[in-house]
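Here's the structure, in structure tokens; my notes come after.
The values are calculated or read from the model by the stated rules, or taken from the named source; none is laboratory data. Since this is a predicted model, take the numbers as computed values, not measurements. FYI the Cβ positions are ideal-geometry reconstructions off the backbone, even for glycines, and counts take in every protein chain you see.
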Amino acid sequence: MVLDSPQKHKGDVRCLIYTVIDGIDVLISGSADRTVKLWEPKNNKTNKCFQTIIGHNGTILDMVYLEKVQILITASTEKMVRLWRIDKARQLLMYPWFVEYYKINEFVSANHPNSTETSLWMTCFDTRIGESLQVYAGDSEGSIFVFEAQDTWREAKDCAFRLKKKFDNHHRIGII
């Protein structure tokens with residue numbers, strides 16, 4: 001099956017997530033066209049793109065969807081990580097609808113700690129859910145960030161994260 005529609009991406013698709021949200025199969029795609037799109041892949045008639053998320057000013061590099069708290073985290077080459085949550089005010093709609101509620105852009109370069117101008121951006125994500133909710137992020141300089149959700153993340157409406165640990169230059173190649 002090919003997902004094709006008038007709303008298709010206008011650039012390379014860089015990352016994909018297949019998940020089930022509120023009982024609906026959803027394919028989430030991130031692209032070099034700076035957008036994230038949500039598709040209904042089981043809709044054989046239209047392969048419907050039901051939402052285009054606009055907000056990044058750079059290529060979408062990676063995404064992770066936190067099913068337990070219904071948060072989508074995206075990163076792009078604009079040096080910004082954005083968190084999107086499902087808008088509960090739109091629960092009566094047929095499809096889930098994501099809105100931005102938090103953004104992180106204060107990443108300190110391990111190589112230039114006193115500089116505010118850096119080419120540092122997050123390039124990949126993974127998550128761990130146990131007693132705590134953690135998001136791991138790798139950056140363009142080889143460092144790894146560990147973000148942890150507040151202790152009340154299971155009950156909270158909005159899930160706030162704090163930087164728990166940073167491993168500087170964990171995978172530094174040394175090529176300049």
Report summary line: When region 61-82 is checked residue by residue, the ones that are in a strand (DSSP E or B) and touching a residue at least 60 places away in the same chain (Cβ under 8 Å) are Leu61, Asp62, Met63, Val64, Leu66, Ile71, Ile73, Ala75
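Among the residues of region 114-133, is there at least one that is charged (D, E, K, R), closer than 22 Å to Leu61 by Cβ, surrounded by fewer than 18 Cβ atoms within 10 Å (Cβ to Cβ) and modelled with pLDDT of 80 or more?
Keep residues of region 114-133 that are charged (D, E, K, R), which gives 117, 126, 128, 131.
Narrowing the set further to residues that are closer than 22 Å to Leu61 by Cβ leaves 117, 126, 128.
Remaining after also requiring surrounded by fewer than 18 Cβ atoms within 10 Å (Cβ to Cβ): 117, 126, 128.
Narrowing further to those that are modelled with pLDDT of 80 or more: 126, 128.
Checked region 114-133: at least one residue is charged (D, E, K, R), closer than 22 Å to Leu61 by Cβ, surrounded by fewer than 18 Cβ atoms within 10 Å (Cβ to Cβ) and modelled with pLDDT of 80 or more.
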**Report entry** For Lys103: the one exception among (1) assigned to a strand (DSSP E or B); (2) touching a His at 6+ places or on another chain (Cβ under 9 Å); (3) at pLDDT below 90
**Finding:** (2)
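For (1) more than 11 Å from the chain's Cα centre (by Cα); (2) surrounded by 13 or more Cβ atoms within 10 Å (Cβ to Cβ); (3) closer than 22 Å to Gln134 by Cα, each residue gets a yes or a no:
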{"position": "Lys10", "(1), (2), (3)": "yes, no, no"}
{"position": "Asp25", "(1), (2), (3)": "yes, yes, no"}
{"position": "Phe50", "(1), (2), (3)": "yes, yes, no"}
{"position": "Ile71", "(1), (2), (3)": "no, yes, yes"}
{"position": "Glu78", "(1), (2), (3)": "yes, yes, no"}
Query - Hey, Pro41 at pLDDT below 90 and crowded, with 19+ Cβ neighbours inside 10 Å or not - result: no
Query raised in the report: Taking region 49-60 only, how many residues are more than 16 Å from Leu16 (Cα to Cα) and assigned to a loop (DSSP other than H, G, I, E, B)?
Result: 4
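Go through region 39-57 and count every residue that is touching a residue at least 40 places away in the same chain (Cβ under 8 Å) and either in contact with an Asp or Glu (Cβ under 9 Å, 6 or more places away or on another chain) or closer than 21 Å to Met122 by Cβ (or both).
Residues in region 39-57 being touching a residue at least 40 places away in the same chain (Cβ under 8 Å) and either in contact with an Asp or Glu (Cβ under 9 Å, 6 or more places away or on another chain) or closer than 21 Å to Met122 by Cβ (or both): 9 in total.
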**Report entry** Single condition Asn44 does not satisfy, out of (1) polar (S, T, N, Q); (2) closer than 28 Å to Lys68 by Cβ; (3) not in a strand (DSSP E or B)
**Finding:** (2)
Query raised in the report: For Asn47, are the conditions met, namely being at pLDDT below 80 and in contact with a Leu (Cβ under 6 Å, 6 or more places away or on another chain)?
Result: yes
Requested in this report: Mind listing whichever residues of region 27-38 are outside any strand (DSSP E or B) and crowded, with 20+ Cβ neighbours inside 10 Å?
Outcome: Arg34
